[in-house]
1. Angle check, please: helix 37-56 long axis (alpha carbons) against the longest principal axis of the chain (alpha carbons), in degrees 0 to 90, nearest 10.
2. Which trypsin sites (Lys or Arg not before Pro) does segment 350-391 hold that lie in a coil by DSSP with at most 12 other beta carbons within 10 Å?
3. How big is the dipole moment of segment 314-391 about its Cα centre under a simple scheme where the beta carbon of each Lys and Arg is +1, that of each Asp and Glu is -1, and everything else is neutral? Debye, nearest 20, please.
4. Considering the chain as a Gaussian network with a 10 Å cut-off on Cα pairs, which listed residue, Gly133, Gly334, Gly353, attains the greatest mean-square fluctuation?
5. Whose amide H sits under 5 Å from the amide H of Phe385, counting only residues 5 or more places off or on another chain, with H placed in the peptide plane?
6. From the phi angles alone, apply the Karplus equation (6.51, -1.76, 1.60; θ = phi - 60°) to segment 354-365 and give each ³J(HN,Hα) in whole Hz, x where the residue is Gly or Pro.
7. Between the helical axis of 12-32 and the dominant principal axis of the chain, each derived from Cα atoms, what acute angle in degrees is found, rounded to the nearest 10?
8. Show me the ranking of peptides 140-149, 121-130, 7-16 by mean Cβ neighbours inside 10 Å, starting with the highest.
Amino acid sequence: MNLQAILANFRIQDLLDILFLTVLAYYLFMWFRGTKAFNALIGLLVMGVVFTTAQTWGLFLTTWVFQIFWQVLVILLIILFQSEIRQVLERVDPLQAFGLRKKVVPGRWVQRFSEAIFSLAERKIGALLIIEGSDRVGQWITGGQDLEGEPNREVLMTILQKESPLHDGAVVVRDGRVIRAACYLPLSSDENLPMEWGTRHRAAMGLSEKSDAIVVVVSEERGQVSFLFQKKAAPVVSSDQLSLYLEETLQPVLPPRVSWKERVFRLSTRRWKVKAGTLALVLTMWLMLAGQQNFEVTLSVPVELKDIPARMEIVEPVNQKVRIRVRGLRKDAGTLTEKNVHVQLDLSSADAGRRVFSVTREQILLSNERVSIVNIEPSQLTFSFREKPSP
(Lines give C-alpha, C1' and ligand atoms only; values in the text may rest on other atoms or scores of the structure.)
Protein backbone atom coordinates (compact mmCIF):
# COMPACT_ATOMS: atom_id res chain seq x y z
CA MET A 1 0.00 0.00 0.00
CA ASN A 2 1.50 3.32 -1.10
CA LEU A 3 0.36 5.52 1.78
CA GLN A 4 2.00 8.63 0.38
CA ALA A 5 0.19 8.24 -2.95
CA ILE A 6 -3.15 7.74 -1.20
CA LEU A 7 -2.75 10.82 0.98
CA ALA A 8 -1.47 12.91 -1.91
CA ASN A 9 -4.73 12.26 -3.79
CA PHE A 10 -7.01 12.83 -0.79
CA ARG A 11 -10.26 14.45 -2.01
CA ILE A 12 -13.24 16.19 -0.43
CA GLN A 13 -15.25 13.05 -1.29
CA ASP A 14 -12.89 11.02 0.86
CA LEU A 15 -13.35 13.38 3.81
CA LEU A 16 -17.13 13.14 3.50
CA ASP A 17 -16.84 9.36 3.19
CA ILE A 18 -14.86 9.10 6.44
CA LEU A 19 -17.11 11.53 8.36
CA PHE A 20 -20.31 9.79 7.24
CA LEU A 21 -19.06 6.33 8.22
CA THR A 22 -17.77 7.69 11.54
CA VAL A 23 -21.20 9.09 12.42
CA LEU A 24 -22.89 5.88 11.29
CA ALA A 25 -20.50 3.66 13.27
CA TYR A 26 -20.84 5.85 16.39
CA TYR A 27 -24.63 5.68 16.40
CA LEU A 28 -24.63 1.95 15.68
CA PHE A 29 -22.35 1.51 18.70
CA MET A 30 -24.62 3.63 20.92
CA TRP A 31 -27.81 1.94 19.69
CA PHE A 32 -26.55 -1.63 19.96
CA ARG A 33 -24.72 -1.12 23.25
CA GLY A 34 -26.39 -3.14 25.99
CA THR A 35 -28.22 -5.44 23.57
CA LYS A 36 -27.54 -9.06 22.73
CA ALA A 37 -26.40 -8.06 19.27
CA PHE A 38 -23.58 -5.88 20.64
CA ASN A 39 -21.12 -8.74 21.18
CA ALA A 40 -21.91 -10.03 17.70
CA LEU A 41 -21.25 -6.54 16.32
CA ILE A 42 -17.83 -6.44 18.02
CA GLY A 43 -17.05 -9.91 16.68
CA LEU A 44 -17.98 -8.82 13.16
CA LEU A 45 -15.74 -5.78 13.52
CA VAL A 46 -12.75 -7.89 14.55
CA MET A 47 -13.36 -10.33 11.71
CA GLY A 48 -13.67 -7.42 9.29
CA VAL A 49 -10.26 -6.13 10.37
CA VAL A 50 -8.72 -9.60 9.92
CA PHE A 51 -10.34 -9.99 6.49
CA THR A 52 -9.18 -6.54 5.34
CA THR A 53 -5.65 -7.19 6.57
CA ALA A 54 -5.53 -10.55 4.78
CA GLN A 55 -6.80 -8.98 1.57
CA THR A 56 -4.29 -6.12 1.79
CA TRP A 57 -1.35 -8.46 2.41
CA GLY A 58 -2.41 -10.80 -0.38
CA LEU A 59 -3.23 -13.83 1.80
CA PHE A 60 -5.18 -15.70 -0.85
CA LEU A 61 -6.44 -18.68 1.16
CA THR A 62 -7.49 -16.61 4.20
CA THR A 63 -9.30 -14.14 1.95
CA TRP A 64 -11.10 -16.93 0.11
CA VAL A 65 -12.23 -18.62 3.37
CA PHE A 66 -13.53 -15.33 4.78
CA GLN A 67 -15.44 -14.54 1.57
CA ILE A 68 -17.30 -17.86 1.84
CA PHE A 69 -17.82 -17.44 5.58
CA TRP A 70 -19.20 -13.89 5.28
CA GLN A 71 -22.01 -14.98 2.96
CA VAL A 72 -23.36 -17.45 5.53
CA LEU A 73 -22.62 -15.37 8.62
CA VAL A 74 -24.38 -12.18 7.50
CA ILE A 75 -27.60 -14.07 6.68
CA LEU A 76 -27.42 -15.94 10.00
CA LEU A 77 -26.96 -12.73 12.00
CA ILE A 78 -29.89 -11.05 10.26
CA ILE A 79 -32.10 -13.99 11.25
CA LEU A 80 -30.86 -14.18 14.85
CA PHE A 81 -30.92 -10.44 15.57
CA GLN A 82 -33.78 -9.30 13.38
CA SER A 83 -35.53 -7.73 16.38
CA GLU A 84 -32.54 -5.56 17.33
CA ILE A 85 -31.91 -4.61 13.69
CA ARG A 86 -35.54 -3.59 13.27
CA GLN A 87 -35.35 -1.44 16.42
CA VAL A 88 -32.32 0.39 15.07
CA LEU A 89 -33.98 1.00 11.69
CA GLU A 90 -37.11 2.29 13.40
CA ARG A 91 -35.08 4.87 15.29
CA VAL A 92 -34.11 6.40 11.95
CA ASP A 93 -37.50 8.01 11.45
CA PRO A 94 -37.46 10.60 8.63
CA LEU A 95 -41.11 11.53 9.27
CA GLN A 96 -40.27 12.45 12.85
CA ALA A 97 -37.10 14.30 11.83
CA PHE A 98 -38.94 16.52 9.35
CA GLY A 99 -41.89 17.06 11.66
CA LEU A 100 -44.34 15.13 9.47
CA ARG A 101 -45.42 12.77 12.22
CA LYS A 102 -47.78 14.19 14.82
CA LYS A 103 -46.54 14.24 18.39
CA VAL A 104 -48.75 13.28 21.31
CA VAL A 105 -49.51 16.15 23.70
CA PRO A 106 -51.03 15.94 27.19
CA GLY A 107 -54.52 17.19 27.91
CA ARG A 108 -57.08 17.28 30.69
CA TRP A 109 -57.53 13.53 30.32
CA VAL A 110 -54.14 12.96 32.02
CA GLN A 111 -55.40 13.82 35.51
CA ARG A 112 -58.53 11.69 35.15
CA PHE A 113 -56.43 8.84 33.78
CA SER A 114 -54.01 9.04 36.74
CA GLU A 115 -56.86 9.01 39.27
CA ALA A 116 -58.37 5.98 37.53
CA ILE A 117 -55.05 4.12 37.73
CA PHE A 118 -54.81 4.56 41.49
CA SER A 119 -58.44 3.57 41.91
CA LEU A 120 -57.46 0.29 40.26
CA ALA A 121 -54.39 0.04 42.50
CA GLU A 122 -56.46 0.52 45.69
CA ARG A 123 -58.64 -2.43 44.68
CA LYS A 124 -55.59 -4.45 43.52
CA ILE A 125 -57.00 -4.82 40.04
CA GLY A 126 -54.17 -5.77 37.72
CA ALA A 127 -53.84 -3.50 34.70
CA LEU A 128 -51.58 -2.92 31.73
CA LEU A 129 -52.17 0.36 29.88
CA ILE A 130 -50.35 1.66 26.80
CA ILE A 131 -50.24 5.37 25.96
CA GLU A 132 -49.20 5.45 22.34
CA GLY A 133 -46.50 7.91 21.28
CA SER A 134 -45.43 8.88 17.78
CA ASP A 135 -44.74 5.19 16.98
CA ARG A 136 -47.80 3.11 16.21
CA VAL A 137 -47.87 -0.03 18.36
CA GLY A 138 -50.17 -2.06 16.14
CA GLN A 139 -47.29 -4.11 14.74
CA TRP A 140 -46.32 -5.24 18.26
CA ILE A 141 -49.70 -6.17 19.68
CA THR A 142 -51.96 -9.10 18.84
CA GLY A 143 -55.63 -9.75 19.45
CA GLY A 144 -57.85 -7.26 21.21
CA GLN A 145 -61.18 -5.55 20.76
CA ASP A 146 -61.70 -2.11 19.23
CA LEU A 147 -63.27 0.40 21.63
CA GLU A 148 -63.97 4.12 21.82
CA GLY A 149 -64.05 6.04 25.08
CA GLU A 150 -62.31 8.28 27.56
CA PRO A 151 -59.61 6.78 29.83
CA ASN A 152 -61.43 7.75 33.02
CA ARG A 153 -62.25 5.79 36.17
CA GLU A 154 -65.62 4.46 35.02
CA VAL A 155 -64.40 3.22 31.63
CA LEU A 156 -61.19 1.60 32.90
CA MET A 157 -63.00 -0.03 35.86
CA THR A 158 -65.54 -1.51 33.48
CA ILE A 159 -62.87 -2.89 31.16
CA LEU A 160 -60.41 -4.19 33.76
CA GLN A 161 -62.61 -5.60 36.52
CA LYS A 162 -62.08 -9.34 36.92
CA GLU A 163 -65.59 -10.23 35.73
CA SER A 164 -65.06 -8.37 32.44
CA PRO A 165 -64.23 -10.52 29.40
CA LEU A 166 -61.73 -7.80 28.37
CA HIS A 167 -59.74 -7.58 31.60
CA ASP A 168 -57.04 -10.05 30.53
CA GLY A 169 -54.74 -7.98 28.30
CA ALA A 170 -53.57 -4.44 27.66
CA VAL A 171 -55.56 -1.28 27.01
CA VAL A 172 -54.32 1.09 24.30
CA VAL A 173 -54.80 4.86 24.64
CA ARG A 174 -54.23 7.08 21.61
CA ASP A 175 -54.61 10.89 21.65
CA GLY A 176 -56.39 10.73 25.00
CA ARG A 177 -58.93 8.09 23.90
CA VAL A 178 -59.20 4.36 24.61
CA ILE A 179 -59.06 2.64 21.22
CA ARG A 180 -58.42 -1.03 22.02
CA ALA A 181 -58.57 -3.51 24.91
CA ALA A 182 -57.53 -7.10 25.68
CA CYS A 183 -54.33 -6.85 23.62
CA TYR A 184 -51.32 -9.10 24.02
CA LEU A 185 -47.76 -7.77 23.98
CA PRO A 186 -44.34 -9.33 23.31
CA LEU A 187 -42.44 -10.29 26.45
CA SER A 188 -39.01 -8.82 27.09
CA SER A 189 -36.10 -11.23 26.64
CA ASP A 190 -33.87 -9.24 29.03
CA GLU A 191 -32.48 -11.64 31.62
CA ASN A 192 -31.61 -8.86 34.10
CA LEU A 193 -35.18 -7.84 34.98
CA PRO A 194 -36.23 -7.95 38.66
CA MET A 195 -37.17 -11.43 39.85
CA GLU A 196 -40.49 -10.22 41.31
CA TRP A 197 -41.72 -9.03 37.94
CA GLY A 198 -44.56 -11.02 36.48
CA THR A 199 -45.95 -11.33 32.97
CA ARG A 200 -47.49 -7.83 32.97
CA HIS A 201 -44.22 -6.09 33.79
CA ARG A 202 -42.23 -8.17 31.30
CA ALA A 203 -44.79 -7.43 28.59
CA ALA A 204 -44.62 -3.72 29.46
CA MET A 205 -40.82 -3.75 29.19
CA GLY A 206 -41.02 -5.71 25.93
CA LEU A 207 -43.11 -2.96 24.32
CA SER A 208 -40.96 -0.23 25.88
CA GLU A 209 -37.91 -1.76 24.22
CA LYS A 210 -39.51 -1.63 20.79
CA SER A 211 -41.36 1.72 20.70
CA ASP A 212 -41.69 5.13 22.32
CA ALA A 213 -44.97 4.21 24.00
CA ILE A 214 -45.56 4.88 27.70
CA VAL A 215 -46.69 1.79 29.61
CA VAL A 216 -48.37 1.94 33.02
CA VAL A 217 -48.61 -1.28 35.06
CA VAL A 218 -50.74 -1.98 38.12
CA SER A 219 -49.60 -5.02 40.10
CA GLU A 220 -52.45 -7.34 41.04
CA GLU A 221 -50.55 -8.86 43.99
CA ARG A 222 -49.11 -5.68 45.55
CA GLY A 223 -51.29 -2.91 44.18
CA GLN A 224 -48.19 -1.00 43.10
CA VAL A 225 -48.04 1.28 40.04
CA SER A 226 -45.04 1.30 37.68
CA PHE A 227 -44.22 3.75 34.89
CA LEU A 228 -42.17 2.41 31.95
CA PHE A 229 -40.69 4.46 29.13
CA GLN A 230 -37.75 3.78 26.79
CA LYS A 231 -36.63 0.64 28.64
CA LYS A 232 -36.66 2.37 32.04
CA ALA A 233 -39.08 1.63 34.87
CA ALA A 234 -39.97 3.84 37.84
CA PRO A 235 -42.39 3.27 40.75
CA VAL A 236 -45.26 5.74 41.18
CA VAL A 237 -46.78 6.48 44.60
CA SER A 238 -49.57 8.94 43.81
CA SER A 239 -51.86 10.11 41.04
CA ASP A 240 -50.22 13.55 41.08
CA GLN A 241 -46.82 11.98 40.51
CA LEU A 242 -48.16 9.88 37.64
CA SER A 243 -49.73 12.99 36.08
CA LEU A 244 -46.39 14.78 36.35
CA TYR A 245 -44.56 11.87 34.70
CA LEU A 246 -47.06 11.76 31.87
CA GLU A 247 -46.97 15.50 31.23
CA GLU A 248 -43.17 15.62 31.26
CA THR A 249 -42.92 12.64 28.93
CA LEU A 250 -45.63 13.66 26.50
CA GLN A 251 -44.49 17.27 26.40
CA PRO A 252 -40.83 17.41 27.43
CA VAL A 253 -39.31 20.70 28.50
CA LEU A 254 -37.47 22.32 25.60
CA PRO A 255 -33.75 22.84 26.23
CA PRO A 256 -32.55 26.44 26.44
CA ARG A 257 -31.42 28.00 23.20
CA VAL A 258 -27.68 27.90 22.74
CA SER A 259 -25.37 29.35 20.12
CA TRP A 260 -23.97 27.24 17.32
CA LYS A 261 -20.51 27.47 18.89
CA GLU A 262 -21.80 25.93 22.12
CA ARG A 263 -23.57 23.22 20.16
CA VAL A 264 -20.38 22.34 18.27
CA PHE A 265 -18.42 22.32 21.54
CA ARG A 266 -20.95 20.03 23.24
CA LEU A 267 -21.09 17.77 20.20
CA SER A 268 -17.29 17.50 20.17
CA THR A 269 -16.77 16.96 23.90
CA ARG A 270 -19.68 14.68 24.73
CA ARG A 271 -18.44 11.08 24.81
CA TRP A 272 -15.29 12.32 23.05
CA LYS A 273 -13.34 9.16 23.79
CA VAL A 274 -15.91 7.00 21.99
CA LYS A 275 -16.08 9.44 19.08
CA ALA A 276 -12.29 9.68 18.80
CA GLY A 277 -11.97 5.90 18.89
CA THR A 278 -14.65 5.51 16.22
CA LEU A 279 -12.93 8.08 13.99
CA ALA A 280 -9.56 6.35 14.42
CA LEU A 281 -11.08 2.97 13.58
CA VAL A 282 -12.86 4.26 10.46
CA LEU A 283 -9.76 6.15 9.33
CA THR A 284 -7.62 3.04 9.74
CA MET A 285 -10.09 0.93 7.76
CA TRP A 286 -10.27 3.61 5.07
CA LEU A 287 -6.49 3.72 4.70
CA MET A 288 -6.36 -0.07 4.46
CA LEU A 289 -9.06 -0.22 1.79
CA ALA A 290 -8.36 2.99 -0.14
CA GLY A 291 -5.41 1.44 -1.95
CA GLN A 292 -7.74 -1.19 -3.45
CA GLN A 293 -10.19 1.40 -4.76
CA ASN A 294 -10.56 1.91 -8.51
CA PHE A 295 -9.22 5.36 -9.19
CA GLU A 296 -8.79 7.69 -12.16
CA VAL A 297 -6.17 10.39 -12.58
CA THR A 298 -6.02 13.04 -15.31
CA LEU A 299 -2.60 14.43 -16.13
CA SER A 300 -1.50 17.22 -18.44
CA VAL A 301 1.83 16.01 -19.84
CA PRO A 302 4.18 17.97 -22.13
CA VAL A 303 4.99 16.25 -25.42
CA GLU A 304 8.62 15.25 -25.94
CA LEU A 305 9.55 15.56 -29.61
CA LYS A 306 12.28 13.34 -31.00
CA ASP A 307 13.95 12.45 -34.30
CA ILE A 308 13.13 15.75 -36.01
CA PRO A 309 14.90 15.83 -39.39
CA ALA A 310 18.01 17.99 -39.20
CA ARG A 311 16.87 20.18 -42.10
CA MET A 312 13.42 20.89 -40.60
CA GLU A 313 12.26 23.15 -37.80
CA ILE A 314 8.88 23.55 -36.08
CA VAL A 315 7.02 26.80 -36.66
CA GLU A 316 4.09 26.01 -34.36
CA PRO A 317 2.88 24.94 -31.90
CA VAL A 318 5.55 25.17 -29.22
CA ASN A 319 5.38 23.37 -25.84
CA GLN A 320 2.45 21.19 -26.85
CA LYS A 321 0.69 19.24 -24.03
CA VAL A 322 -1.58 16.19 -23.99
CA ARG A 323 -4.24 15.36 -21.37
CA ILE A 324 -4.07 11.70 -20.37
CA ARG A 325 -6.66 9.94 -18.20
CA VAL A 326 -5.48 6.72 -16.55
CA ARG A 327 -7.33 4.18 -14.41
CA GLY A 328 -6.15 1.63 -11.86
CA LEU A 329 -6.00 0.85 -8.19
CA ARG A 330 -5.57 3.94 -6.09
CA LYS A 331 -2.22 2.75 -4.73
CA ASP A 332 -0.95 2.53 -8.34
CA ALA A 333 -2.72 5.36 -10.16
CA GLY A 334 -2.03 7.74 -7.28
CA THR A 335 1.73 7.49 -7.86
CA LEU A 336 1.54 8.98 -11.37
CA THR A 337 2.46 12.63 -11.88
CA GLU A 338 3.46 14.87 -14.78
CA LYS A 339 7.08 14.15 -13.88
CA ASN A 340 7.01 10.35 -14.21
CA VAL A 341 4.69 10.10 -17.23
CA HIS A 342 6.20 10.82 -20.65
CA VAL A 343 4.71 11.31 -24.10
CA GLN A 344 7.30 10.79 -26.85
CA LEU A 345 6.30 11.70 -30.40
CA ASP A 346 8.40 10.51 -33.34
CA LEU A 347 8.67 13.28 -35.98
CA SER A 348 11.15 11.54 -38.28
CA SER A 349 8.66 11.68 -41.16
CA ALA A 350 8.17 15.47 -40.89
CA ASP A 351 8.25 17.55 -44.08
CA ALA A 352 7.60 21.17 -44.92
CA GLY A 353 4.03 22.36 -44.34
CA ARG A 354 1.32 21.22 -41.93
CA ARG A 355 1.55 17.64 -40.80
CA VAL A 356 -0.72 15.57 -38.51
CA PHE A 357 0.69 12.99 -36.06
CA SER A 358 -1.36 10.53 -33.99
CA VAL A 359 -0.74 10.13 -30.26
CA THR A 360 -1.12 6.45 -29.43
CA ARG A 361 -0.79 4.41 -26.22
CA GLU A 362 2.53 3.02 -27.45
CA GLN A 363 4.00 6.54 -27.34
CA ILE A 364 3.15 7.04 -23.65
CA LEU A 365 5.60 5.81 -21.03
CA LEU A 366 4.14 5.16 -17.55
CA SER A 367 6.16 4.68 -14.38
CA ASN A 368 3.60 2.11 -13.23
CA GLU A 369 2.45 -0.44 -15.79
CA ARG A 370 -0.42 -1.75 -13.62
CA VAL A 371 -2.64 1.13 -14.74
CA SER A 372 -4.45 1.46 -18.05
CA ILE A 373 -4.88 4.51 -20.27
CA VAL A 374 -8.54 5.44 -20.67
CA ASN A 375 -8.39 8.53 -22.84
CA ILE A 376 -5.91 10.71 -24.72
CA GLU A 377 -6.89 14.25 -25.62
CA PRO A 378 -6.15 15.36 -28.24
CA SER A 379 -5.47 12.08 -29.99
CA GLN A 380 -3.85 13.92 -32.93
CA LEU A 381 -1.40 16.82 -33.00
CA THR A 382 -0.87 19.17 -35.93
CA PHE A 383 2.54 20.81 -36.48
CA SER A 384 3.75 23.31 -39.06
CA PHE A 385 7.28 22.74 -40.39
CA ARG A 386 9.65 24.69 -42.57
CA GLU A 387 13.09 24.08 -43.89
CA LYS A 388 15.93 25.70 -42.05
CA PRO A 389 17.60 28.51 -43.98
CA SER A 390 20.89 27.62 -45.57
CA PRO A 391 23.92 28.78 -43.55
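The values are calculated or read from the model by the stated rules, or taken from the named source; none is laboratory data. Treat the numbers as computed from the prediction; the structure is a model and nothing was measured. Heads up, the Cβs are rebuilt from the backbone with ideal geometry, glycines too, and the neighbour counts pull from every protein chain shown. To get the accessible areas, we keep the full protein, side chains included, count just its heavy atoms, and leave off ligands, DNA and RNA. Shrake-Rupley method; radii C 1.70, N 1.55, O 1.52, S 1.80 Å.
1. That works out to roughly 10 degrees.
2. Details: sites: Arg354, Arg355, Arg361, Arg370, Arg386; in loops: Arg370.
Within segment 350-391, the qualifying trypsin sites (Lys or Arg not before Pro) (loop, at most 12 other Cβ atoms within 10 Å) are Arg370.
3. Values: 13 positive and 9 negative charges, 68 e Å.
So the dipole magnitude of segment 314-391 works out to roughly 320 debye.
4. Judging by the Gaussian network model, the answer is Gly353.
5. Val315, Gly353, Arg354, Arg355
6. Per-residue couplings from phi come out as 8, 10, 10, 10, 7, 9, 10, 5, 5, 8, 10, 9 Hz.
7. Compared with the principal axis, the helix lies near 20 degrees.
8. On the way: 140-149: 14.0, 121-130: 19.1, 7-16: 11.1.
Most protected by this proxy first, the peptides run 121-130, 140-149, 7-16.
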